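Reviewing the structure listed below.
The values are calculated or read from the model by the stated rules, or taken from the named source; none is laboratory data. Remember, predicted model here, so these are calculated numbers, not experimental data. As a convention, Cβ positions derive from the backbone with ideal geometry for all residues, glycine included, and neighbour counts pool all protein chains shown. Only protein heavy atoms, including side chains, enter the accessible area calculation; ligands, DNA and RNA are left aside. Shrake-Rupley method; radii C 1.70, N 1.55, O 1.52, S 1.80 Å.
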Amino acid sequence: MAFISSGYNPDKPMENRITDIGPRHFEEFYPPVIKANKGKWLYHEILEPGVLVHVSESGAEVYTVRVGGARLLSCTHIREICEIADKHCDGYVRFTTRNNIEFMVDNKNKVAALKADLESRKFAGGSFKFPVGGTGAGITNIVHTQGWIHCHTPATDASGPVKATMDVLFDEFKNMRMPAHLRVSLACCLNMCGAVHCSDIAILGFHRKPPMLDHEYLDKMCEIPLAIAACPTAAIRPSKVDTANGQVNSVAVKSERCMFCGNCYTMCPAMPLADDEGDGIVLMVGGKVSNRISRPKFSKVVVAFIPNEPPRWPTTTSTIKKIVDVYASNANKYERLGEWAERIGWERFFEKCELPFTHHLIDDFRDPAYYTWRHTSQFKF
Amino acid sequence: MAKHATPLLDQLESGPWPSWVSDIKQEAETRAKNVKGIDYQIPVDVCDDLLGLMELTYVEKRTHWKHGGIVGVFGYGGGVIGRYCDQPQQFPGIAHFHTVRVSQPSGKYYTSAYLKQLCDLWELRGSGLTNMHGSTGDIVFIGTTTPQLEEIFFELTHNLNQDLGGSGSNLRTPSDCIGTSRCEYACYDTQSLCHALTLDYQDELHRPAFPYKFKFKFDGCPNCCVASIARSDMSFIGTWRDDIRIDQKAVQAYIGGELKPNAGAHAGRDWGKFDIVKEVLSLCPTQCMKMDGGKLVIDDRECTRCMHCINVMPRALRIGQDTGVSILVGAKAPILDGAQMGSLLVPFVKVEEPYDEIKEVIENVWDWWMEEGKNRERLGELIKRQGFQKLLEVTNIEAMPQHVQEPRSNPYIFWREDEVPGGFERDITEFRKHHQR
């Protein structure tokens, strides 16, 4: 390998430097039918799962075929997306907030060939490259974080549990038979790089053991005051520790105050939390971000812990499937999972979903906890 | 023959959903074959070693990535996240495996020509693996070495007219929904506002000067497809203040069954005949709709614009025409002080270039937060610590009932001295003339 210079001169970093130009202008990338009809769309219709038409007041139509994708994409795969876009869509394509890919054509006659082409492509291992679906009252793609593939703080993997969960929920990606749309999200630790805390079903990686203390290196690798200040429960205090190489400045952790958030580890690499038995998954349900009918809601913890079970996380996926099935057969049309649980009562939710209720599920974190206890004589047996 | 055996990962190749394991394997194969004769600038077997590391992680169930080091490009404090493997001897191909965040175009529309340019660059100078897209919205290049960072930045800015995104304690790359470009619900042009503010605040995006991260997200309507209300420090949600437009003929077509409710979103199950009373009128949160002599009547003054009726009957009902945005502030995920939903600060403002009214709110909020915010304190936490009243004070916004779900249920009002006639200074001697000890 020979180093290939881009033209950058390390001796003169400011020479010809271009900065602060931001992203490319979005209009460069609009398909012509989008550019011509922006702001003029009258209505849309989902023709079949994964296929939408939007109709403009000009009479123009744009047909969209939506396909699921792992958000982790190789350039080889992106080039295949480009090949499809070139073949069917005049070289245009877009991505959605939930990591789906949308291919748009301006004529109904082009839809069938595009769809057939997308559905025909499979990876060598047998999975679909471009499954069509993810619209309407179904389950669309899972938004997720990096997990074990690229992050230093995860308590679980992201891409693995997502693949395993979407395999189990695949029929619902291809159908629109839920009472309302159901959004599943995954965050591999409490930092929650995505908005999983307001999802119908949130899969959350969680640590359960306080940080280990690498005393000999702690003061060398970290700013001790920052590590102490990072703790939301004031569980960390300075301490002096005797090591083989003499006394060193370090910290001590009051284990019973630790909520395992990992914020100290973010500030101090000498305080790792990861543990094969300690780490696992929390399931939260009933959140939403839409303002439709009821207010946006936070998801609630309904399963306090499931161990990490790579490669397919069977307990996690079967628990999710159970919740989805019970919701689908019990909720009213248009009712989101959280709205259904509130209507029937959470005691009934646990009963119907056959989930054990344990003390871990009662909030004890600061003031908001009180507002979640039951302050009425109304409850169901 | 694969470099590392991956029996656990291989189990993620079966099943219908697109397999990232299969995809990384095909990238590894593409690199090994190197049909295009690329002079790879990072190890050829980077994808093989990544699969090997993941297999080890699947066995041990603990991540093998270390903390990010201080790497980046000259003059920027964000956009690159350093990443090092903790088993570099075993997996030398990914000993350095830094992330580069590339600012995505608003609306996430692309041409294949541009995507191919990105691929050309990333195959030469990186792992060939990406996220399309990261959680915040960026195009994410996963995995390169330190010497390649300036080269990538130089090529991006000089050849692709493309900048990096945000990371660290700065303005994170703003993101938006599809907006008016392809959605009839959008109350404003999310792409134009997102792009304009992204350009206006490039300095805040590239040079961390904030207490912590700060996110803008732009939702065209209260359906909130980009979840701005849950995850952005400042959330811009499209809304309107006049009347929902009604097409009575289309209402009848829904009632008669000629049009499918909710644009066909429920077509996969037989929910029975459409019932406008049950499915629309009774589910309206303010009960501001009724059928009167065969006509649908909406008391728009009582409507809170939840979108339900419009979602169910998009051919019959359209958003109003006097549109703008509501601005909500302070949303965040649970770290550290618990999750917060956005709180309504500006009920309505028009979205008109050059967006001066909106920028005034943004800059007043930033001035306060940069002055008062503690290290790693999100805006929402500062609002909780200093009070919503303080936020109103720094943004010069009058308190109004729209700001609260309900008024306070404790009377512990922190009256300011200037609000109480005569002030707080009093004469105890004078008081004692009338009141014995």
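Looking at segment B:201-213 only, could you name the residues that are farther than 24 Å from B:Y188 by Cβ and open to solvent by 10 Å² or more (accessible area, probe 1.4 Å)?
B:D203, B:R207, B:P208, B:A209, B:F210, B:P211, B:Y212, B:K213
Enumerate the strands (runs of 3 or more DSSP E) found wholly within segment A:158-262, keeping only those where 3 or more residues are touching a Leu at 6+ places or on another chain (Cβ under 6 Å), at pLDDT below 95 and open to solvent by less than 10 Å² (accessible area, probe 1.4 Å).
none
Any residue in segment B:312-338 that is within 17 Å of A:G194 (Cα to Cα) and within 11 Å of another protein chain (Cβ to nearest Cβ) sitting within a Cβ distance under 9 Å of a residue that is surrounded by fewer than 21 Cβ atoms within 10 Å (Cβ to Cβ) and among the β-branched types (V, I, T)? List the pairs, counting only those 6 or more apart or interchain.
B:I335/A:T266
If A:M14 meets every condition in (1) more than 23 Å from B:L259 (Cα to Cα); (2) facing another protein chain (nearest Cβ under 7 Å); (3) open to solvent by 50 Å² or more (accessible area, probe 1.4 Å) apart from one, which number is that one?
Result: A:M14 passes all but (2).
Filter segment A:50-102 down to the residues that are charged (D, E, K, R), more than 7 Å from chain B (Cβ to nearest Cβ) and in contact (Cβ under 8 Å) with a residue 24 or more places away in the chain and list them by number.
Listed by number, the residues that qualify are A:E61, A:R66, A:E80, A:K87, A:D90, A:R98, A:E102.
Can you name the residue in segment B:214-270 that is on the phi > 0 side of the Ramachandran plot and assigned to a loop (DSSP other than H, G, I, E, B) and, of all such residues, is most open to solvent (accessible area, probe 1.4 Å)?
Here the residue is B:G257.
Looking at B:F141, B:F153, which is the one that is assigned to a helix (DSSP H, G or I) and closer than 30 Å to A:L226 by Cβ?
The match here is B:F153.
Does any residue in segment B:56-73 that is within 7 Å of chain A (Cβ to nearest Cβ) come within less than 9 Å, Cβ to Cβ, of a residue that is in a helix (DSSP H, G or I) and open to solvent by 20 Å² or more (accessible area, probe 1.4 Å) six or more places away or on a different chain, and which pairs are these?
What qualifies is B:Y58/B:L8; B:H67/A:M221; B:H67/A:Y265; B:H67/A:T266.
Got at least one residue in segment A:11-32 being over 25 Å from B:Q162 (Cβ atoms), more than 26 Å from the chain's Cα centre (by Cα) and not charged (D, E, K, R)?
No: zero hits.
Looking only at residues that are open to solvent by less than 30 Å² (accessible area, probe 1.4 Å) and touching a Gly at 6+ places or on another chain (Cβ under 8 Å) in segment B:16-31, which one is farthest from the other protein chains (Cβ to nearest Cβ)?
Going through the qualifying residues, I end up with B:R31.
Residues B:S175, B:S167: which one is in contact with a strand residue (DSSP E or B) (Cβ under 6 Å, 6 or more places away or on another chain) and facing chain A (nearest Cβ under 8 Å)?
B:S175
Which is of a type in the set (K, R) and touching a strand residue (DSSP E or B) at 6+ places or on another chain (Cβ under 6 Å), of A:K322, A:K352, A:K297, A:K333?
Exactly one of A:K322, A:K352, A:K297, A:K333 is of a type in the set (K, R) and touching a strand residue (DSSP E or B) at 6+ places or on another chain (Cβ under 6 Å), namely A:K297.
Go through (1) open to solvent by 30 Å² or more (accessible area, probe 1.4 Å); (2) more than 7 Å from every other protein chain (Cβ to nearest Cβ) for B:N161 and report which single condition fails.
(2)
If you take the residues in segment A:31-46 that are without any contact (Cβ under 8 Å) to a residue 24 or more places away in the chain and surrounded by 18 or more Cβ atoms within 10 Å (Cβ to Cβ), which one is nearest to B:T111 (Cα to Cα)?
Filtering first and then ranking leaves A:K38.
Could you check B:S167 against (1) polar (S, T, N, Q); (2) outside the structural domain of B:Y76 (by TED's automatic domain parsing); (3) in contact with a helix residue (DSSP H, G or I) (Cβ under 7 Å, 6 or more places away or on another chain) and say which number it fails?
Among (1) polar (S, T, N, Q); (2) outside the structural domain of B:Y76 (by TED's automatic domain parsing); (3) in contact with a helix residue (DSSP H, G or I) (Cβ under 7 Å, 6 or more places away or on another chain), the lone unmet condition for B:S167 is (3).
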